[in-house]
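Chemist: Right, I'll just put the structure down here and ask away after.
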Amino acid sequence: MREAIADVLPENYEARIGERFNLIEQSPLTYIQIFHRPERRLVTVLELLSPSNKNGPDRSVYLAKRNSLLRQDVHLFELDLLFGGKRLPLSGDLPSGDYYALVSRSDRRPQCEVYAWSVRQPLPKLPIPLRASDPDVIVDLAAIFATAYERGRYARSIDYSRLPALSVDEETAKSIWQEAQGGPKG
């Protein structure tokens, strides 16, 4: 994702990987930072929620970091691609969906843009905010996942002849699997 963002950023921006460590599992949690050059001012932080910071032992640590970012002059982009579980706290109700992207622009708080889609919909194109004087850049999640799938050679290691193990009811899982196989929809 960092590479896809870097490819569409204007010349006076850079995207970097940041890390913090999960003390319980002793594993790194990564995020993407977008800086404006030449002063290298932090403009946007992109977080991909992990099972640990969404529902696990790092949730309170993540929420504290989130609250700290929300008090700064920094945009926050949060991507929740985990089916189910605890959702991020918001002042209002979330729209219906299985997956979410939250875009909190520093100049529009406490409002937050919420993008929701279901497991049956294609991955969307989403805006990444930059400085107010610069337009958003758009990232195509479907293209990012297609590239990761191809480069990771997952077609060699995933058995598509079997029903996938999903955290959905059996009817939905069968329907999704049939659609992926080119079979009847619904």
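Listed here are the residues, each with its yes/no results for (1) within 29 Å of VAL119 (Cα to Cα); (2) surrounded by fewer than 16 Cβ atoms within 10 Å (Cβ to Cβ); (3) without any contact (Cβ under 8 Å) to a residue 24 or more places away in the chain; (4) touching a Pro at 6+ places or on another chain (Cβ under 7 Å).
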{"residue": "ILE5", "(1), (2), (3), (4)": "yes, no, no, no"}
{"residue": "TYR13", "(1), (2), (3), (4)": "no, no, no, no"}
{"residue": "TYR31", "(1), (2), (3), (4)": "yes, no, yes, no"}
{"residue": "THR44", "(1), (2), (3), (4)": "yes, no, no, yes"}
{"residue": "SER60", "(1), (2), (3), (4)": "yes, yes, yes, no"}
{"residue": "LEU63", "(1), (2), (3), (4)": "yes, yes, no, no"}
{"residue": "SER68", "(1), (2), (3), (4)": "no, yes, yes, no"}
{"residue": "LEU81", "(1), (2), (3), (4)": "yes, yes, no, no"}
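Chemist: Identify, please: which residue in region 46-57 is of a type outside the set (S, T, N, Q) and in contact with a Lys or Arg (Cβ under 9 Å, 6 or more places away or on another chain) and is, among those, nearest to ALA15 (Cα to Cα)?
Modeler: Residue satisfying both the conditions and the ranking: LEU46.
Chemist: Now for a different question. Identify, please: which residue in region 98-125 is closer than 19 Å to PHE35 by Cα and of a type outside the set (D, E, K, R) and is, among those, surrounded by the fewest Cβ atoms within 10 Å (Cβ to Cβ)?
Modeler: Only one residue fits best here, namely SER106.
Chemist: At least 2 residues that are within 14 Å of the chain's Cα centre (by Cα) and β-branched (Val, Ile, Thr) in each: list the strands (runs of 3 or more DSSP E) lying fully within region 16-120 that qualify.
Modeler: Ranges flagged: 27-36, 41-48.
Chemist: On to the next question. Can you tell me which residue is nearest to ILE138 (Cα to Cα) among those in region 83-97 that are in contact with a Ser or Thr (Cβ under 8 Å, 6 or more places away or on another chain) and in contact (Cβ under 8 Å) with a residue 24 or more places away in the chain?
Modeler: PHE83
Computed from the coordinates by the stated procedures, all read-outs in this text should not be read as laboratory data. As the structure is a prediction and not an experimental result, all values here were calculated from the model. Cβ: placed from backbone, ideal geometry, glycine included. Neighbour counts: every protein chain shown.
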